[in-house]
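Structure first, commentary second.
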């Protein structure tokens, strides 16, 4: 399946190294190989293969290589300095594309040995915006049921998709987390993972979960941060100009794979909107360099709106998610009256779109198709 980021990544490769980061099995390796087809001489090296590992260490790829793809490079000790050396001494005309796990993205954020030498692109699950021009049309219910990871999304049946998801979830907990960090209480990790699947979209209390699994709140927070670092879940925090104060408030948790959510349709629908908005904002950040973030809005008096799209710490738009409510949300009205922020009420089942003041009530499928990516 065509991924829209191919063209932008291809352009960026002419200027710097490019990192492709994102969840496991979201299509990073496939995308890298598709980009490789644009060149006559592409070399793909995976650090997991002993033969490739030796080529990497000795830098023995052909001198006429046009595109060099490093996969799973983060498993090499000192990979950042290695990349810096390769990039700084590379021959003219050599392009470097680096893919791998979320761990690479985590390590990339620490230290500055690669500063100024790379662009980063986040590859997230398939979205309605990404496939709107395809001849085969997939509706919103397909996304809610299957999620946006390529294999279950394109599976021949729901049963086949669920078989993939069961193996995927098991691999995340038993393999990826253990590879990321040595943990001794895997039963607790599994319990927290299962609890999060049932509490999507609600403010998460580390203390409440700690009580359920008989751990300390700090340990629960650490485990959830590992899930986040591995692109299993993402946090949406309340927006605040005081960043420290915002971090202390309870986050809401969503899954990159909507199919992992164990809840009723409305919650799954909200998760789909959340991951679609996250992808939209990440793509804008990658393309423009301006910081776009996903938050939610909440006051001490209990007024709350599901999402706020924030650019350079300024709320640009509010999003309220509804399954079938065609009447404008009172909370959306409250925030738009008080702060003059444009809002959209995104409704899955809606008879007629309309505008109320500075707010719009819109059909979800149309809204999702018109996102940036």
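The values are calculated or read from the model by the stated rules, or taken from the named source; none is laboratory data. Here the structure is a predicted model, which means the values were calculated and not measured. Neighbour counts run over all protein chains shown; Cβ positions are idealised from the backbone, glycine included.
Residue-by-condition table, conditions (1) assigned by TED's automatic domain parsing to the domain that holds residue 228; (2) under 28 Å from residue 234 (Cα atoms); (3) in contact (Cβ under 8 Å) with a residue 12 or more places away in the chain; (4) in a strand (DSSP E or B):
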site	(1), (2), (3), (4)
56	no, no, yes, no
64	no, no, yes, no
68	no, no, yes, yes
80	no, yes, yes, no
84	no, no, yes, no
97	no, yes, yes, yes
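With the stretch 316-370 as the region, which strands (runs of 3 or more DSSP E) entirely inside it contain at least 1 residues that are over 28 Å from residue 4 (Cβ atoms)? Before you say what the answer is, go through the steps one by one.
On the way: elements: 343-347, 354-356, 359-363.
In the stretch 316-370, the matching strands (runs of 3 or more DSSP E) lie at 354-356, 359-363.
Inside the stretch 141-168, can you point out the residues that are farther than 14 Å from residue 260 by Cβ and either assigned by TED's automatic domain parsing to the domain that holds residue 31 or outside any helix (DSSP H, G or I) (or both)?
Result: 155, 156, 157.
When you check residue 218 against the structure, is it crowded, with 16+ Cβ neighbours inside 10 Å and more than 29 Å from residue 20 (Cα to Cα), yes or no?
Taking the combined requirement at face value, the residue does not satisfy it.
Of the conditions (1) in contact with a helix residue (DSSP H, G or I) (Cβ under 6 Å, 6 or more places away or on another chain); (2) surrounded by 18 or more Cβ atoms within 10 Å (Cβ to Cβ), residue 131 clears all except one; give me its number.
Tallying (1) in contact with a helix residue (DSSP H, G or I) (Cβ under 6 Å, 6 or more places away or on another chain); (2) surrounded by 18 or more Cβ atoms within 10 Å (Cβ to Cβ), residue 131 fails exactly one: (1).
Might you check whether a residue that is assigned to a helix (DSSP H, G or I) and either free of Cβ contacts under 8 Å to residues at least 40 places away in the same chain or in contact with a helix residue (DSSP H, G or I) (Cβ under 6 Å, 6 or more places away or on another chain) (or both) occurs anywhere in the stretch 14-24?
Scanning the stretch 14-24, I find no residue that is assigned to a helix (DSSP H, G or I) and either free of Cβ contacts under 8 Å to residues at least 40 places away in the same chain or in contact with a helix residue (DSSP H, G or I) (Cβ under 6 Å, 6 or more places away or on another chain) (or both), so the answer is no.
Just the residues that are over 18 Å from residue 139 (Cα atoms) and buried (at least 17 other Cβ atoms within 10 Å of the Cβ), please, taken from the stretch 349-359.
If the condition is that a residue be over 18 Å from residue 139 (Cα atoms) and buried (at least 17 other Cβ atoms within 10 Å of the Cβ), then 359 is the only one that fits.
Just wondering, is there one or more residues in the stretch 339-348 that are more than 23 Å from residue 142 (Cα to Cα), exposed (fewer than 15 other Cβ atoms within 10 Å of the Cβ) and free of Cβ contacts under 8 Å to residues at least 12 places away in the same chain?
no
With the structure loaded, tell me whether residue 236 is under 27 Å from residue 365 (Cβ atoms), surrounded by 14 or more Cβ atoms within 10 Å (Cβ to Cβ), in contact with a helix residue (DSSP H, G or I) (Cβ under 8 Å, 6 or more places away or on another chain) and in the same structural domain as residue 321 (by TED's automatic domain parsing) or whether it fails that test.
yes
Hey, among 178, 183, 195, which residue is part of a loop (DSSP other than H, G, I, E, B) and not assigned by TED's automatic domain parsing to the domain that holds residue 32?
After applying the criteria, what remains is 183.
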